[in-house]
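**Student:** Pasting a structure here, questions to come.
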Amino acid sequence: MKIEIENLKFAYNGREVLQELDLSIRNNEFIGLVGPNGSGKTTLLKNIGGVLEPRGGGIYFDGKSLHNYSAKEIATIVAALQQENQVGFDFTVREVVEMGRFPHLSRFERHDAEDHRAVDWALSVTDLEDFSDRYVNQLSGGEKQRVFLALALAQEPDLLLLDEPTSSLDINYQIKIMETVAALKDEGITVIAAIHDLNLAAHYTDRIGMIDNGEIKVLGEPCQVLTKENIAKTFGVEVEVKNAEPKDFVHIFPRRRASIN
């Protein structure tokens, strides 16, 4: 799915959060959004997903305005993974992932062979096939995050929105989640993710949009966006950036300060 965002505006209680934001996202692209806390990343995702109503501007999916989609239509083409997810009852992994099929079902309709195929595919993609009969509340944080990613994928979306998908995960699960997400473009899924870890963004995304004060300040390939000048200007910190061929070898780390005697 190709997404066009034009002059997007949004405000909370009169405070401008998104200011005439423009962004073009290619079909089957994995684009990362980076920026300081409060820069507008989550708000942008919620506008794209139809959770929030823009104050101005437009969002277009394959040329069709988001305003012209019903809530049910949006639920069948857009899936989202939030920063924090919880299950209130003791469901198995398969039962949770099956919830992703609800947008495709009419009232009281039961799962059919197509639904079971979609759930099996989501479990396979997230490497959860051996977990399907386990209870979600018995899983680790990283395993739970993979379950909720599988739930989103069971919707068979054209567009996947991720808000800090690796937050609070150890490095093992960070890599598992990001590798799974990066492979989704081969399944025909466009991905937009807010990512706090600049090294993960550099390694896995196709392009990065750097957001500050509700605007896309820089947009391009990771090596073009994640320069020490852009990071210093946007985040207010000095870093060292080491680039090698290809983009996978962009490494960002704080500049060492001289010791104080």
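The values are calculated or read from the model by the stated rules, or taken from the named source; none is laboratory data. On a predicted model such as this, the values are computed, not experimentally measured, just so you know. Glycine also receives a Cβ, built like all others from the backbone with ideal geometry; neighbour counts cover every protein chain displayed.
**Student:** Please go through (1) closer than 30 Å to Arg134 by Cβ; (2) within 17 Å of the chain's Cα centre (by Cα) for Phe102 and return the number of the only condition it doesn't satisfy.
**Tutor:** Going through (1) closer than 30 Å to Arg134 by Cβ; (2) within 17 Å of the chain's Cα centre (by Cα) one by one, Phe102 breaks only (2).
**Student:** Could you please find all residues in the stretch 176-218 being among the hydroxyl-bearing types (Ser, Thr, Tyr) and in contact (Cβ under 8 Å) with a residue 60 or more places away in the chain?
**Tutor:** Matches in the stretch 176-218: Thr190, Tyr204, Thr205.
**Student:** Need pairs with beta-carbon distance below 7 Å; first residue at positive phi and within the stretch 1-22, second assigned to a loop (DSSP other than H, G, I, E, B) and hydrophobic (A, V, I, L, M, F, W, C); sequence gap 6+ or separate chains.
**Tutor:** Every condition considered, no pair remains.
**Student:** Would you mind telling me which numbered condition in (1) under 19 Å from Leu81 (Cα atoms); (2) touching a helix residue (DSSP H, G or I) at 6+ places or on another chain (Cβ under 7 Å); (3) of a type in the set (Gly, Ala, Ser) Ala202 fails?
**Tutor:** (1)
**Student:** Of all residues in the stretch 23-69, which are more than 23 Å from Glu179 (Cα to Cα), among the basic types (Lys, Arg) and in contact (Cβ under 8 Å) with a residue 12 or more places away in the chain?
**Tutor:** Across the stretch 23-69, the qualifying residue is only Arg55.
**Student:** Turning to a different aspect of this structure: How many residues, within the stretch 137-162, are of a type in the set (S, T, N, Q) and in contact with a Gly (Cβ under 9 Å, 6 or more places away or on another chain)?
**Tutor:** Going through the stretch 137-162 one residue at a time, the tally reaches 1.
**Student:** When you scan the stretch 39-55, do you find a residue that is more than 17 Å from the chain's Cα centre (by Cα), surrounded by 17 or more Cβ atoms within 10 Å (Cβ to Cβ) and not β-branched (Val, Ile, Thr), even just one?
**Tutor:** yes
**Student:** Among all residue pairs at least 6 apart or on different chains, which show Cβ distances below 6 Å where the first residue, located in the stretch 70-92, is over 18 Å from His104 (Cα atoms) and the second is part of a loop (DSSP other than H, G, I, E, B) and at pLDDT below 90?
**Tutor:** Gln83/Ser167
**Student:** Let me ask another. Give me the pairs, please: first residue somewhere in the stretch 127-141 and within 10 Å of Val93 (Cα to Cα), second residue anywhere and among the polar types (S, T, N, Q) and in a strand (DSSP E or B), beta-carbon distance under 6 Å, and either six or more positions apart or on two chains.
**Tutor:** Asp133/Thr92; Tyr135/Thr92
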